[in-house]
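The structure appears right after this line, and notes come after that.
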Amino acid sequence: MFMLFVIIIAIIFFFFKLDFSKIKGSFGEIKVHTQLNFLGSDFISLNDILIKNPNGTTTQIDHVVLSEYGIFVIETKNYKGWIFGNEKAENWKQIIFNERYSFRNPVKQNWGHVYSLKAALSDFPSAKYYPIVVFAGSATLKDINSTVPVIYESYLNSTIRNYCTEKCLSKSEVLLIKQRLESIELTERSAKNEHIYNTRTIVKERQMKMANLICPRCNAQLKLRNGRNGKFYGCSNYPRCRFTMPY
Ligand SMILES: [Zn+2]
């Protein structure tokens, strides 16, 4: 009995932790988003951008900042502990107390995002791209070897401003890029939404049938029956169809 209790608590904890990490991930992104809003009107920040790649896959980018000085591509990591990494390595290391974890090199990951963005914006050849990796959690950057900036979230805006010395795009080009990214985003999202819509229609249809006492599995009539545990609805096609629903 006690063991069962422990197992249930462990399961609850496991799911709670999973959910909690999800919330934390987006919390880091919200923090970065809020900070980017302080950059001023010369900068346009787009969040959670979807890009369609030439091979049909999609790439998701945390933050893209557009300006006449170029395009800043920002990857956010909401981590804690000590972080060690080299831009050439496949994986980076995170140490929390005495536990070691490894995660995908975020600099390489972000180069992939820059590559996708360049392909989507190939008709703006003068655009310069600046990848930046931001740690928005409580992590300490212990030993980072990278030519791409890997910084704390509080240095983000000053890092962006430091790159703003030479213009490479006109104001109208910046607006065109914004429109382009938003329209790619829209088509990709609507493709996703259509999928969600279809699933919802199926669920609704099923509920409608059940409300009208029609079996959602075989479309036969549902009949009220008496069982060991009281009344219930069962399919009139029983035993070929074993669908039941509560009375
Ligand atoms: Zn049935």
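The values are calculated or read from the model by the stated rules, or taken from the named source; none is laboratory data. Everything numeric here is computed off the predicted structure, so don't read it as measured data. For neighbour counting, all protein chains shown are included, and Cβ atoms are generated from backbone atoms with ideal geometry for every residue, glycine included. Please note that ligands, DNA and RNA were not included when accessible areas were found on the heavy atoms of the full protein model with its side chains. Shrake-Rupley method; radii C 1.70, N 1.55, O 1.52, S 1.80 Å.
Odds and ends about this structure:
- Test for residue 166: is it more than 16 Å from the ligand (Cβ to nearest atom) and of a type in the set (Asp, Glu): yes
- Evaluated against (1) in contact (Cβ under 8 Å) with a residue 24 or more places away in the chain; (2) closer than 30 Å to residue 125 by Cα, residue 210 falls short on exactly one condition, (2).
- Among the conditions (1) at pLDDT below 95; (2) over 20 Å from residue 64 (Cα atoms); (3) of a type outside the set (D, E, K, R); (4) open to solvent by 20 Å² or more (accessible area, probe 1.4 Å), the only one that residue 112 does not satisfy is (2).
Yes or no, residue by residue, for (1) away from the ligand (no atom under 16 Å from the Cβ); (2) open to solvent by 100 Å² or more (accessible area, probe 1.4 Å):
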residue	(1), (2)
175	yes, no
184	yes, no
200	yes, yes
203	yes, no
222	no, no
241	no, no
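- Filtered by the rule that a residue be under 30 Å from residue 127 (Cβ atoms) and among the hydroxyl-bearing types (Ser, Thr, Tyr), segment 170-207 gives 170, 172, 183, 187, 190.
- Yes/no for residue 46 being in a strand (DSSP E or B), open to solvent by less than 60 Å² (accessible area, probe 1.4 Å) and at pLDDT 90 or above: yes
- For segment 120-169, a residue qualifies if it is of a type in the set (Gly, Ala, Ser), closer than 25 Å to residue 59 by Cα and under 21 Å from the mean Cα position of the chain (by Cα), and the qualifying residues are 120, 136, 137.
- Selected residue (criterion: most open to solvent (accessible area, probe 1.4 Å)) from residues of segment 126-139 that are out of contact with any Pro (no Cβ under 9 Å at 6 or more places or on another chain) and at pLDDT 95 or above: 128
- Failed criterion for residue 170 (all others in (1) open to solvent by 70 Å² or more (accessible area, probe 1.4 Å); (2) touching a residue at least 12 places away in the same chain (Cβ under 8 Å); (3) over 16 Å from residue 45 (Cα atoms) hold): (1)
- Considering only residues in segment 206-220 that are farther than 12 Å from residue 243 by Cα and within 15 Å of the ligand (Cβ to nearest atom), the one that is least open to solvent (accessible area, probe 1.4 Å) turns out to be 209.
- Scanning segment 224-239 for residues that are open to solvent by less than 50 Å² (accessible area, probe 1.4 Å) and more than 9 Å from the ligand (Cβ to nearest atom) yields 227, 230, 233.
- With respect to (1) modelled with pLDDT of 95 or more; (2) closer than 21 Å to residue 189 by Cα, the lone exception for residue 67 is condition (2).
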